[in-house]
1. For the range 56-75, how many residues are under 13 Å from the mean Cα position of the chain (by Cα) and surrounded by fewer than 17 Cβ atoms within 10 Å (Cβ to Cβ)?
2. Output yes when any residue across the range 22-42 is of a type in the set (Phe, Trp, Tyr), in a loop (DSSP other than H, G, I, E, B) and without any contact (Cβ under 8 Å) to a residue 24 or more places away in the chain, and no when none is.
3. Residues of the range 158-170 being assigned to a loop (DSSP other than H, G, I, E, B) and modelled with pLDDT under 80, which ones?
4. Looking at the range 43-59 only, could you name the residues that are outside any helix (DSSP H, G or I) and closer than 14 Å to Glu76 by Cα?
5. Considering each residue of the range 72-97, count those that are touching a helix residue (DSSP H, G or I) at 6+ places or on another chain (Cβ under 6 Å) and aliphatic (A, V, I, L, M), and give that number.
6. Please state which one of Glu47, Glu29, Glu15 is out of contact with any Lys or Arg (no Cβ under 9 Å at 6 or more places or on another chain) and surrounded by 11 or more Cβ atoms within 10 Å (Cβ to Cβ).
7. Just checking, does the range 100-109 include any residue being assigned to a loop (DSSP other than H, G, I, E, B), under 18 Å from the mean Cα position of the chain (by Cα), surrounded by fewer than 11 Cβ atoms within 10 Å (Cβ to Cβ) and at pLDDT below 80?
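The values are calculated or read from the model by the stated rules, or taken from the named source; none is laboratory data. Since we're looking at a predicted model, the values are computed, not measured. Don't worry about glycine lacking a Cβ; one is built from the backbone with ideal geometry, like all the others, and counts go over all protein chains shown.
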Amino acid sequence: MWLNSEEEHLTMPIEQLLILLEDSFQHQESKRALRRKFEAREWIRDEEFARYFSDKMRLAARIAIDVEELIDGIIEGIPDEALRRQAYMQCFVAPYHLLRAFEKIMLPKKGTQQSATSSMGGSSTPIRCYNCNVRGHMAGECRKPKREKGACYGCCSTNHQVAHCHERKDKEAQ
């Protein structure tokens, strides 16, 4: 019906016709809704950074956003706090520098052992719990009761350190 509403539609080149169709029928989202979509888009596990980056760039192209805010928006969409901090420390000046730095990075899988690396790019060391001193988990995930600061890692006594713990030595002797 729309196509036949004006005679010139029938003789118009297809590119012009498609633009006219888009202008006539495409729902225009508000700038606020577009900005919310941009801010809500996060990098998800098992997704390549390049795909996340291109989605953010596509969303940013539809709103007026300066380069600095664009870079901050891309970094804020990184759910891993350590990676996000590292990205902020790099002080990227162009979005494509961020893409280049993260193109081979994958988000750590949830529930797997993670390795902590120094911010200087040093060697990888396993995560160690500050509560029980066992490798493989962090204090927030520890199942043992919360240890007082300075208390023994073996028995939680404040009278001695783990090196002088009788409980630990008894366990090793058995």
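1. Total meeting the criteria: 1.
2. For the range 22-42, residues of a type in the set (Phe, Trp, Tyr), in a loop (DSSP other than H, G, I, E, B) and without any contact (Cβ under 8 Å) to a residue 24 or more places away in the chain: absent.
3. Result: Gln161, single match.
4. Trp43, Ile44
5. Qualifying residue count for the region: 4.
6. Exactly one of Glu47, Glu29, Glu15 is out of contact with any Lys or Arg (no Cβ under 9 Å at 6 or more places or on another chain) and surrounded by 11 or more Cβ atoms within 10 Å (Cβ to Cβ), namely Glu47.
7. Taking every residue of the range 100-109 in turn, at least one turns out to be assigned to a loop (DSSP other than H, G, I, E, B), under 18 Å from the mean Cα position of the chain (by Cα), surrounded by fewer than 11 Cβ atoms within 10 Å (Cβ to Cβ) and at pLDDT below 80.
Conditions tested, residue by residue: (1) over 30 Å from Ile127 (Cα atoms); (2) among the charged types (D, E, K, R).
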| residue | (1), (2) |
| --- | --- |
| Glu8 | yes, yes |
| Phe25 | yes, no |
| Ser30 | yes, no |
| Arg62 | yes, yes |
| Arg85 | no, yes |
| Phe92 | no, no |
